[in-house]
Amino acid sequence: MNRTNSETMANREELGIIRGARAGDAVCQLALGKLYLFGGAGLPLSLPTALHWLNRAALQEQDEAWMLIGNYVPFEHAQHCLPSALSWYDRAYDAGVEQAGLVLAQLVLNHAAPPEALHLRDKALLALETAARGGSAEAQWLLAHQTGAPSPVWCANSHCA
């Protein structure tokens, strides 16, 4: 089956966004990140490429960019964008994005984060505990494998606190 140019190439609007993003325009970087995050008319869905452009937009104070990162970019891709990705997941978690807290915990507690990110350990553990209580099997597993994590206390009588 032959593909038309519109199926294999970015359309004119997308090409304008690409040019603007490459020139450093933060709004275009955000738009291009969203196109790669959700797929465009002529651009493929690509989380690594989306993260690249959203990160650049976030560095230029485009708040929507770090919210999108926190909501949609999983640990597998975030670990390749350190240390800048840490601050985006931290901000998104503070803004109420629970998924961002889980990725923050994975980055900090899986030793993917640089040593200067140790100040986020308590927040990461709290986010992990919240996600585990919410039923996330991934969070439960990660929490169970933390060195120094409190062990569950099992009590057979009603006098335990």
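The values are calculated or read from the model by the stated rules, or taken from the named source; none is laboratory data. Because the structure is a prediction, the values reported are computed rather than measured. Reconstructed Cβ throughout: ideal geometry from the backbone, glycine too, with neighbour counts over all protein chains shown. Heads up: the accessible areas ignore ligands, DNA and RNA and are worked out on the full protein's heavy atoms, side chains in. Shrake-Rupley method; radii C 1.70, N 1.55, O 1.52, S 1.80 Å.
Points worth noting:
- 1.4 Å probe accessible area per residue over segment 1-65, in Å²: 61 Å²
- Between ASN71 and ASP122, full extension at 0.36 nm per residue minus the direct alpha carbon distance yields a gain of 16.3 nm.
- Restricted to Cα atoms, segment 74-145 shows a radius of gyration and a Dmax of 10.8, 30 angstrom.
- Computed from phi, the 3J(HN,Hα) profile of segment 23-36 under the Karplus parametrisation 6.51, -1.76, 1.60 (θ = phi - 60°) reads 7, x, 6, 4, 5, 5, 5, 4, 4, 5, x, 5, 4, 6 Hz, with x in place of Gly and Pro.
- In this structure the amide hydrogen of GLY40, modeled in the peptide plane, comes within under 5 Å of the amide hydrogens of LEU45, none closer than 5 places in sequence on its chain.
- Accessible-area composition of segment 1-123, carbon plus sulfur, in percent [1.4 Å probe]: 52 percent
- Karplus-derived 3J(HN,Hα) values for segment 102-109, using 6.51 cos²θ - 1.76 cosθ + 1.60 with θ = phi - 60°, are 5, 5, 4, 4, 4, 5, 6, 8 Hz; glycine and proline are entered as x.
- Distance (nanometres) between label positions extended 7 Å along Cα→Cβ at PHE38 and HIS145: 3.4 nm
- Only Lys, Arg, Asp and Glu carry charge here, each on its Cβ (+1 for the first two, -1 for the last two); on that basis segment 1-65 has a dipole of about 260 debye about its Cα centre.
- Taken per residue, the accessible surface of segment 74-145 reaches 51 Å², heavy atoms only and a 1.4 Å probe.
- Normalised Debye scattering of segment 1-65 at q = 0.12, 0.15, 0.24 Å⁻¹ gives log10 I(q)/I(0) of -0.28, -0.42, -0.92, counting only Cα atoms as equal scatterers and leaving out solvent.
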